[in-house]
Structures are given as structure tokens and as C-alpha cells.
Amino acid sequence: MHTRRIGAVEVSAIGLGGMPMSIEGRPDEARSLATIHAALDAGVTLIDTADAYHRDADEVGHNETLIAKALASHERGADVLVATKGGHLRPGDGSWTLDGSPRHLRQACEESLRRLGVEAIGLYQFHRPDPRVPYAESVGAVRDLLDEGKIRMAGISNANPEQIKLANDILDGRLVSVQNQFSPAFRSSEPELRLCDDLGIAFLPWSPLGGISHAGELGSAYAPFARIAEAHGVSPQRVCLAWMLAKSPVVVPIPGASRPETIRDSAAAPDLVLTPEEIAELDQA
């Protein structure tokens, strides 16, 4: 597996997004554990989760608990950087709400520590800006967790360029990651990607294949991805991830998966080398 860096930590160039294994339509636990183990067997050493990745109101942190169980039962589990998030909530009715208050983030971090069974969280990310709370206060809470050793690295998610710069200032230059939506269908995070490239901050595209319900449609919706995939004898999804990796060395895609075969295919993307002409064609798709 090719590697990239998040802060001082070397990780696989492709991570695993855990959300599909815990929200609506999720598989049974056996298949989820098999999916995570398949990722580790393929060399994946980055798993992205959040306390909000659950379905019902009484199972907050379902995905964190699932990942902790999977890592504890695999010989390579200790080699994985687990990135989790706080500040987003799911009341259990299918909706998403926000709480970016320092008090909530501190409590959420403590509960994530307990579920993951670790003394310090490898990468903790403020999940989404809360318009009711000044952004500096939310990021300041993450900075305090970093200073106290509750977390080893700090990141933000769903942030714009101004928020990235502000967060990096508040964290005294210690912002290591930005996790934003980015895919062939959603390219408005290009400015954030370029800023991360300039600053040397890891950029983690979420839903890089278009999301749970649309990933399988990538080849039909974007003809160049299908054509180039056919030319290389691989899936359009693998072409998509290789295209993202070619954009910048700071890009570390975190495709979601709920089946072993899906993450195995994604994990092979770093081995696919696209020509400059192919990359240019995909940029225009």
C-alpha cells in the first residue's frame, strides 16, 4: 500500500469511511467486521468514523464501538489511525443536528475515548460548524483537548478556506487535516483542496465516490470515468480514487464501504497510474 501523511503520522493513501456500516441500510455486524478486516488485510491504516455515525437515538457511537471491536480482533489493529469527529448529532429520527459548544465537544471527546478504548484519540475533528457558536470557540475546545493530551492530532470537517486559516491559527499551526465533501459530482471544495496543498495539510475527501446511494452510478453518470476504467481493466470507482490521488500529495480519500469487495477495490487505487491526458479528461468530466 502506498502511503501519505497526516501530521507526523504515515497512513495508507486510501482510508476507510465507516459511516455506511452504522446508519440506515447498514449490514449485519458480521459483514461489517469482515469489511474492516478486509481493509486491514489490504493495507489500510486509516479509518474515519464519528460519534454521530449511528441509526437509533440510544446507540450514539455505534460506529466507534464497531471499529474498536474490529481492531481489537485483528493482528494489525494497533497499526491503524482512527479519526473520529464530534459536534454533529443524530436524534434518531433520521435528521442531523449541531452542537459545537466547547462543553459538548469536551463531553463528546470523553465518550469517544471510552468507546474506542484508548488513552488519546489519534485524530479528532470538529465535525461541522455550528452557526449558534463562534467558530473560534469550537476550534478552541479542540485545541484545549490537544494541549491536554486527550487527542494526538486535530482536524476540522466541512470547512471553508477562511475557517481553515482561522482553525490553523487557533491551533498554532497544528491543524493536520481538513475533511470536506469532494467527488466528481461535488467539486466545490477545490479551493479548500488547493489551500490544504499550499499549507501541507491533509485533505480527506468524504463521499469521494458520490455517496452511499450513488457510488455504483459513477461510470454511467460520468462517461470519461467509465471509458478510462475500461481501458485499464478496472472499475470506474478505482479510476475516481486514482484521479483524486493525482491531484495533490495531501489528498487521502476515505471511501465508505460496507462490503469486503468494495474496500478491496478502493484500496487498489494507489497502484493505478493515470496519464496526464487522462487526468485532464477527468478534470473536465
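The values are calculated or read from the model by the stated rules, or taken from the named source; none is laboratory data. Only a predicted model underlies this, so the values are computations on that prediction, with no experimental measurement involved. We place every Cβ from the backbone using ideal geometry, glycine too, and count neighbours over all the protein chains shown. Heads up: the accessible areas ignore ligands, DNA and RNA and are worked out on the full protein's heavy atoms, side chains in. Shrake-Rupley method; radii C 1.70, N 1.55, O 1.52, S 1.80 Å.
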request  = Report the residue count in the range 155-199 for those that are closer than 14 Å to ALA136 by Cα, open to solvent by 30 Å² or more (accessible area, probe 1.4 Å) and outside any helix (DSSP H, G or I).
outcome  = 2
request  = Name the single residue, out of those in the range 251-264 being out of contact with any helix residue (DSSP H, G or I) (no Cβ under 6 Å at 6 or more places or on another chain) and part of a helix (DSSP H, G or I), that is least open to solvent (accessible area, probe 1.4 Å).
outcome  = THR262
Breaking point among (1) touching a residue at least 60 places away in the same chain (Cβ under 8 Å); (2) of a type in the set (D, E, K, R); (3) crowded, with 21+ Cβ neighbours inside 10 Å, for GLU111 = (3)
Filter pass, VAL133 being surrounded by 17 or more Cβ atoms within 10 Å (Cβ to Cβ), β-branched (Val, Ile, Thr) and within 20 Å of ALA8 (Cβ to Cβ) = no
task = Using the structure shown, decide if ASN160 is among the polar types (S, T, N, Q), free of Cβ contacts under 8 Å to residues at least 60 places away in the same chain and either touching a strand residue (DSSP E or B) at 6+ places or on another chain (Cβ under 8 Å) or closer than 24 Å to ARG26 by Cα (or both).
result = no
request  = Only residues in the range 1-22 that are on the phi < 0 side of the Ramachandran plot and of a type in the set (Ser, Thr, Tyr) count as the first member; pair them with residues that are open to solvent by 50 Å² or more (accessible area, probe 1.4 Å) and assigned to a loop (DSSP other than H, G, I, E, B), Cβ under 8 angstrom, at least 6 apart or cross-chain, and list the lot.
outcome  = SER12/MET1; SER12/HIS2; SER22/ARG55
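Does VAL139 satisfy the criteria of being farther than 24 Å from VAL80 by Cβ, without any contact (Cβ under 8 Å) to a residue 60 or more places away in the chain and in contact with a helix residue (DSSP H, G or I) (Cβ under 9 Å, 6 or more places away or on another chain)? Don't jump to the end; show me each part of the working.
Details: farther than 24 Å from VAL80 by Cβ: yes; without any contact (Cβ under 8 Å) to a residue 60 or more places away in the chain: yes; in contact with a helix residue (DSSP H, G or I) (Cβ under 9 Å, 6 or more places away or on another chain): yes.
Answer is yes for this residue.
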key: From the options GLY200, GLY256, residue that is of a type in the set (Gly, Ala, Ser) and over 28 Å from ALA34 (Cα atoms)   = GLY200
task = Exactly one condition in (1) touching a helix residue (DSSP H, G or I) at 6+ places or on another chain (Cβ under 9 Å); (2) outside any loop (DSSP other than H, G, I, E, B); (3) open to solvent by 30 Å² or more (accessible area, probe 1.4 Å) is not met by ALA285; state its number.
result = (2)
